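Asks: Okay, handing you the structure first.
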Amino acid sequence: MNNEPEIISEINKISEDAEKLLNSSNNLDELESRFRNFAGKKSKIAAILHNIHLYSAEEKKIIGSKSNEVKNRIENIYNSKKDELSIAERGRFLSGRGIDLTIPGNYIEIRHKHPITAVLEEASDFFTSMGFEIVEGPEIETTYYNFDALNIPAEHPARDVWDTFYLLNGMVPRTHTSSVQARTLEKKQLPLRVIAPGRCYRYEAVDATHLFMFNQMEGLFVDKNVKLSDLKGILEETVRHLLGARKTRFRPAFYPFVEPGLDLDIECVFCGGKGCGVCKNTGWIEVIPCGMVHPNVFKYADIDPKEYKGFAFGMGFDRIVMLKYNINDLRLLYQGNLDILKQF
Ligand code: PHE
């Protein structure tokens, strides 16, 4: 004897109808509204479950499980039909606009940092690892910080070395980052270790090794017991870190804000010291002018030169980049020429 309640065949019928109707839907809207008729609150299945209390416990079990089975089945049919219609609708949308997804896409080039930025970051990391702090100063500077506070008084012939463009208001595009030395000392937070990278401007005839605008990285180290040997140690290490093992030499040089003043040269990377156009036949290239902070510079900042000593340097940054990558003309770095820049 078939003890299945009659309602079971009704539920089976619902299932068949749902399958037929859902599968024959022509679009997503139609599918959605048909699905709601079969699975929503007002659907036949919902009504059957609503009245389930009218049946015996055993019948309830059978009706309940059958209804759930059919509900799941309807949901599965709905989901796979929905996927099918979505894909078809997207295809119609794209082909209507002439979009062919099988055509290979545009190649997006991976960019990298400009060599000047990359080396600047490398040098900054190197100095910060030795406890130096990075500070900045303005590119348009007063003559006081660019000259006077650095022991370069007006009318003194030493000013000629940095003679430059003047603005109508008497200020100058700074000729070196040494102005940041003067600004930093004035704050008197001693002892101190700072680097100050930035752009500088000069009245300069442009050639392979000189530009009217260039990057410098100033360094200043002040403490009670700083010696020339500290300067030599740190700068030789800097050259080794940035440029690899190269022959170096220090030679005396004059800068009004240091005493003694020095230039750190490295063996010419282009000719290996034999002499060429880039090193002007000397076999050496000047990379870091430096020296011990002049007592007058301390006095301008109201610091007692007997109590504090310091060293300073002004690394020509573009030149470091040039030497690191064997670029024999500085102008190439500023032309924005991708054929050149892509090589780094
Ligand atoms: N400011 C100097 C220049 O631009 C370089 C320098 C900096 C020299 C610090 C000594 C100490 O020529």
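Any read-out appearing in this document is the output of simple, stated calculations on the displayed coordinates, not a laboratory observation. Predicted model only: the values in this text are computed from it and were never measured. Cβ sites come from the backbone with ideal geometry, for glycine too, and all protein chains shown count toward neighbours.
Asks: Across the stretch 134-146, in residue order, what do the Karplus-derived ³J(HN,Hα) couplings come to in whole Hz, using 6.51 cos²θ - 1.76 cosθ + 1.60 with θ = phi - 60° and x for Gly and Pro?
Replies: Using θ = phi - 60°, the values come out as 8, 10, 10, x, x, 7, 9, 10, 6, 5, 4, 6, 6 Hz.
Asks: If I fit a long axis through the Cα atoms of helix 115-129 and take the longest principal axis of the Cα atoms of the chain, what angle between them do I get, 0 to 90°, rounded to 10?
Replies: Tilt relative to the chain: about 80 degrees.
Asks: While we're looking at this one, here's another question. Per residue, how big is the convex hull of the stretch 241-292 when only Cα atoms are used? Give it in Å³.
Replies: 83
Asks: To continue, here is another question. Longer than 27 Å from Cα to Cα, which of Lys224/Lys299; Lys113/Lys274; Lys113/Lys227 are they? Say none if no pair is.
Replies: Lys113/Lys274; Lys113/Lys227
Asks: Under a cut-off of 19 Å between alpha-carbon atoms, report the aspartates and glutamates in cross-link reach of Lys81, not counting same-chain residues fewer than 8 places apart.
Replies: Cross-link targets: Glu16, Asp17, Glu19, Asp29, Glu30, Glu32, Glu69, Glu89.
Asks: Loop only by DSSP, 12 or fewer other Cβ within 10 Å of the Cβ. Give me the GluC sites (Glu not before Pro) in the stretch 1-72 that pass, ordered by residue number.
Replies: Answer in residue order: Glu6.
Asks: Sticking with this one: What does the extension gain come out to for Arg251 and His156, with contour length at 0.36 nm per residue minus their alpha carbon separation?
Replies: 31.8 nm
Asks: Roughly how many debye, to the nearest 20, is the charge dipole of the stretch 115-341 about its Cα centre, given +1 on each Lys and Arg Cβ, -1 on each Asp and Glu Cβ, and no other charges?
Replies: 520
Asks: What's the FRET efficiency of Ile134 with Glu89 using the Cβ-Cβ distance as r and R₀ = 45 Å, to the nearest 0.05?
Replies: 0.20
Asks: Tell me the label-point distance for the pair Leu332, Asp207, using the 7 Å Cα-to-Cβ offset, in nm and rounded to one decimal.
Replies: 1.9
Asks: Hey, if you put +1 on the Cβ of every Lys and Arg and -1 on every Asp and Glu Cβ in the chain, which of Pro256, Gly170, Phe93 ends up farthest toward the positive end of that dipole?
Replies: Phe93
Asks: Mind jotting down the three principal axis lengths of the stretch 129-286 based on Cα atoms? Whole angstrom, largest first.
Replies: Extents along the principal axes, in whole Å: 47, 40, 25.
Asks: Please turn the phi angles of the stretch 20-35 into ³J(HN,Hα) values with the Karplus equation 6.51 cos²θ - 1.76 cosθ + 1.60 (θ = phi - 60°), one per residue in order, whole Hz, x for glycine and proline.
Replies: Karplus-based 3J(HN,Hα) across the stretch 20-35 equals 4, 5, 4, 5, 9, 5, 8, 8, 5, 5, 4, 4, 4, 6, 5, 4 Hz.
Asks: Taking 0.36 nm per intervening residue step and subtracting the Cα-Cα distance, what contour gain separates Phe344 from Ser56 on full extension?
Replies: Stretched out fully, the Phe344 to Ser56 stretch lengthens by 95.3 nm.
Asks: In addition: Normalised by the residues of the chain, what does the relative contact order come to in percent, with Cα pairs under 8 Å and at least six apart?
Replies: 14
Asks: Grab the Cα-Cα distance for Glu32 and Ile99, subtract it from 0.36 nm times how many residues apart they are, and report the gain in nm with one decimal.
Replies: My answer for the length gained is 21.4 nm.
Asks: Where does the charge balance sit around Tyr203 when Lys and Arg score +1, Asp and Glu -1, over other residues with C-beta under 12 Å from its C-beta?
Replies: Once positives and negatives cancel, what remains is -2.
Asks: When a/c reaches 1.5 or more, the comparison of a/b and b/c decides; with that in mind, is the stretch 172-243 rounded, prolate or oblate per its Cα gyration tensor?
Replies: Taking the square roots of the gyration eigenvalues as a ≥ b ≥ c, the stretch 172-243 is oblate.
Asks: Find out how many positive minus negative residues lie around Leu150, taking Lys and Arg as positive, Asp and Glu as negative, among other residues whose Cβ is under 13 Å from that of Leu150.
Replies: -1
Asks: Just flag the trypsin sites (Lys or Arg not before Pro) in the stretch 261-313 sitting in loop per DSSP whose Cβ has no more than 11 other Cβ atoms within 10 Å.
Replies: Listed in order of number, the matching sites are Lys274, Lys306.
Asks: I've got another one for you. I'd like the chymotrypsin sites (Phe, Trp or Tyr not before Pro) in the stretch 154-232 restricted to DSSP loop residues with at most 14 other Cβ atoms within 10 Å, sorted by number.
Replies: Phe165, Tyr166, Tyr203, Phe212
Asks: Continuing with this model, one more query. So how many Å³ per residue does the convex hull of the Cα atoms of the chain work out to?
Replies: That works out to 328 Å³ per residue.
Asks: Within the chain, what percent of beta bridges assigned by DSSP are antiparallel, to the nearest 5?
Replies: Antiparallel bridges make up about 95 percent of those DSSP assigns within the chain.
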